[in-house]
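The values are calculated or read from the model by the stated rules, or taken from the named source; none is laboratory data. Remember, predicted model here, so these are calculated numbers, not experimental data. As a convention, Cβ positions derive from the backbone with ideal geometry for all residues, glycine included, and neighbour counts pool all protein chains shown. Please note that ligands, DNA and RNA were not included when accessible areas were found on the heavy atoms of the full protein model with its side chains. Shrake-Rupley method; radii C 1.70, N 1.55, O 1.52, S 1.80 Å.
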Amino acid sequence: MILIDIMEKLSRANHISWRLYLGSFFILSWSVFFPFALAAAAIEVKDQNEAASDLVRAELFSPNAWVQPGTCFHLWLRLTIAKGWHIYWKNPGDSGLPTEISWRLPAGLQLEEMLWPWPKRILAEEATSFGYEGEVFFLSRFSVSAAFPCPSAASLRAEINYLVCREGCLPGSTSVEITLPVKSDRPTKKEMNPSLFDEARLLFPEPLTGFNTRAEVKEEKIMIYFYPEGGRSLDLEGAEFFWETEGLADYSAPPIWRQENGSYLLELKRSAASAVWPPVIKAVLVLKSNETKLGQKAFDLHIPVKNY
Amino acid sequence: MRQPGLVSLTLMAIFSLLVRVGAEVKVGEKAPDFTGIDANGKSHTLSDYQGKIVVLEWLNHECPFVQKHYNSGHMQKLQKDYTSKGIIWFSVISSAPGKQGYCTPEQALALTKEKEAAPTAVLLDPEGKIGRLYEAKVTPHMFIIDQKGILVYNGAIDNIRSTNLEDIPKATNYVEQALEEILAGKEVSVKTSQPYGCTVKY
């Protein structure tokens with residue numbers, strides 16, 4: 001064999017047994033090829049072997065260069081979810097767990113509000129859930145007490161607990177911290193990629209104006225009435241309704257919209273699980289809109305329940 | 001008042017036919033009958049068990065919510081305690097072949113042994129017939145059928161939706177509660193609850 005000839009020549013030149021050369025050659029080639037073979041087998045990992053912490057990454061962005069005592073400031077939290085995976089909304093729906101975002105703040109800083117973008121419907125047979133894929137932006141507003149010492153620095157930490165799912169699900173958590181200088185002057189705006197956050201802003205629901213709403217429960221149905229004030233109308237094409245209040249509705253049943261005398265009626269199905277009815281139902285309504293480049297706009301609904 | 005047009009009426013009629021009618025599985029009504037094959041190849045028909053209390057437990061050992069109840073030993077304890085009182089307990093696997101949780105009969109038997117589970121039988125439902133009949137949404141999704149064949153419970157295993165083992169002793173176990181009530185001849189107090197878990201992989 002050619003290989004053995006080469007080995008013999010080399011070994012004679014170096015006064016080493018050719019068998020040692022051959023042996024080394026085989027060991028070397030195995031150590032090069034074997035890991036590839038292992039890797040190929042490992043690529044076909046089942047969901048459980050991937051670490052939940054690798055699947056969701058958190059980052060914080062401050063639009064201001066520093067913060068000023070006695071004022072409010074905003075922070076953007078971006079979660080980047082690995083492709084093919086999703087996490088859940090405040091109301092996860094039929095399956096999953098709500099994503100929990102909590103903040104560790106120094107004394108003198110308080111969370112005033114945190115905005116969630118409207119979710120996506122995640123459909124499975126027999127189960128409908130609500131969640132997010134890809135990049136998700138949350139906007140939080142904090143207040144700084146007037147007595148906050150300055151000049152100094154404030155460290156804020158966001159802790160996120162989630163259930164990340166593809167076919168299988170993995171519970172996980174991640175956290176991210178940001179330290180902001182605290183100065184007595186009015187903060188300057190930072191140079192940031194404007195389109196990144198402008199688009200994210202379009203996904204937050206606003207309060208619905210121009211309509212009075214009311215919910216009535218009739219046996220298996222939940223009827224939600226929208227009464228326009230001053231002749232306003234709703235474009236119902238592609239309208240989406242997301243329940244924020246849990247346990248009341250069957251999320252898989254298609255909603256039925258009706259228009260009667262200028263007012264609108266949304267008929268939904270009650271869930272099989274009987275639940276205690278609250279005085280107000282919270283929901284998010286997404287409607288077609290030519291006001292935004294997304295073509296859609298979301299509205300926060302607080303609907304009083306009639307037979308409460 | 002404008003009358004709805006004929007077209008929209010027809011569309012609404014077609015639409016309402018397409019809407020899933022959940023009347024099949026209603027607490028307080030007769031539980032839908034089915035025949036399932038267990039991991040030993042034995043056939044079980046629900047109506048044959050009339051006179052006994054039957055528990056249906058939708059199962060997928062790879063789901064973290066199911067793992068919470070099995071890794072704690074809690075599900076197995078319920079199975080042992082209640083089957084020893086004459087209750088029939090079926091663990092049902094409705095995962096389709098190739099999907100998470102799917103088991104061949106040999107795998108199902110091995111898992112039952114490994115987890116020290118004690119159901120009366122593990123029903124293999126890879127075509128999802130029993131799952132769809134009961135509209136099983138998640139694992140674990142629990143159903144209880146009384147001695148008269150009436151569905152008396154449909155919902156979650158307990159009242160704390162989480163994957164944490166530590167939550168089990170803090171929670172109200174709806175299955176345990178309902179079974180105790182039925183055995184005492186009382187009405188089930190919590191007949192339904194929102195089930196939690198991973199979606200069933202039809």
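Under 17 Å between alpha carbons, and skipping anything fewer than 8 positions from residue B:30 in its own chain: which lysines qualify?
B:52, B:148, B:191
Is there a quick way to get the dipole size of region A:221-277? I mean about its Cα centre, with the Cβ of Lys and Arg at +1 and of Asp and Glu at -1; what is the value in debye to the nearest 20?
Taking the Cα centre of region A:221-277 as origin, the dipole is about 240 debye.
To make sure I understand the rule: partners must be aspartates and glutamates, Cα under 12 Å from the Cα of residue B:99, and not fewer than 8 residues away in the same chain. Which ones qualify?
Filter leaves A:47, A:167, B:62, B:127.
Going 7 Å from the Cα of residue A:82 toward and past its Cβ, which residues in region B:82-109 have a backbone nitrogen under 20 Å from where you end up?
Zone members listed by number: B:99-101.
What's the magnitude of the charge dipole for region A:200-308 around its Cα centre, counting Lys and Arg as +1 and Asp and Glu as -1 at the beta-carbon? Answer in Debye, nearest 20.
80
Does region B:30-106 come out rounded, prolate or oblate, given a ≥ b ≥ c as the square roots of the eigenvalues of its C-alpha gyration tensor, rounded meaning a/c under 1.5 and, failing that, prolate meaning a/b above b/c?
Cα axes put region B:30-106 in the oblate bin.
Would you calculate the volume per residue, in Å³, of the smallest convex hull containing every Cα atom of region A:240-308?
Convex hull volume per residue, Cα atoms: 111 Å³.
Which entries of A:269/A:293; A:90/B:80; B:80/B:170; A:218/B:201 show an alpha-carbon separation above 29 angstrom in the structure shown?
Correct reply: A:269/A:293; A:90/B:80; A:218/B:201.
Enter the mean projected area of the convex hull around the alpha-carbon atoms of region B:118-202, in nm², rounded to one decimal.
6.4
Once R0 is set to 30 Å, what does the formula 1/(1 + (r/R0)^6) return for the Cβ-Cβ distance between residue A:183 and residue A:300, expressed as a FRET efficiency to the nearest 0.05?
For residue A:183 and residue A:300, the calculated efficiency is 0.30.
Restricting attention to the protein assembly as shown, give the cysteines that have no other cysteine Cβ less than 4.7 angstrom from their Cβ.
A:72, A:150, B:103
Please list 3J(HN,Hα) in residue order for region A:85-91, calculated via the Karplus relation 6.51 cos²θ - 1.76 cosθ + 1.60 where θ = phi - 60°; whole Hz, with x for glycine and proline.
Each residue's phi maps through the Karplus curve to give 9, 9, 10, 10, 6, 4, 9 Hz.
Which residues of region B:117-153 end up with at least 50 Å² less accessible area in the presence of all protein chains than when their chain stands alone, using a 1.4 Å probe?
The answer is B:137 - residues whose exposure falls by at least 50 Å² when every protein chain is included.
For chain B, would you read off the P(r) tail past 24 Å as a percentage of all alpha carbon pairs?
Cα-Cα pairs in chain B separated by more than 24 Å: 40 percent.
Kindly identify the protein assembly as shown as rounded, prolate or oblate by the Cα gyration tensor criterion: order the square roots of the eigenvalues as a ≥ b ≥ c, call it rounded if a/c is under 1.5, otherwise compare a/b with b/c, prolate if a/b is larger, else oblate.
Cα axes put the protein assembly as shown in the oblate bin.
According to a simple spin-label model (label point 7 Å from Cα along Cα-to-Cβ), what is the distance in nm between residue A:280 and residue A:199?
Reported label-point gap for residue A:199 and residue A:280 is 3.4 nm.
In debye, nearest 20: dipole of the protein assembly as shown around its Cα centre with unit charges on the Cβ of K, R (+) and D, E (-)?
420
For region A:182-276, what relative contact order do you get, as a whole percent, if you take Cα pairs closer than 8 Å and at least 6 residues apart?
25
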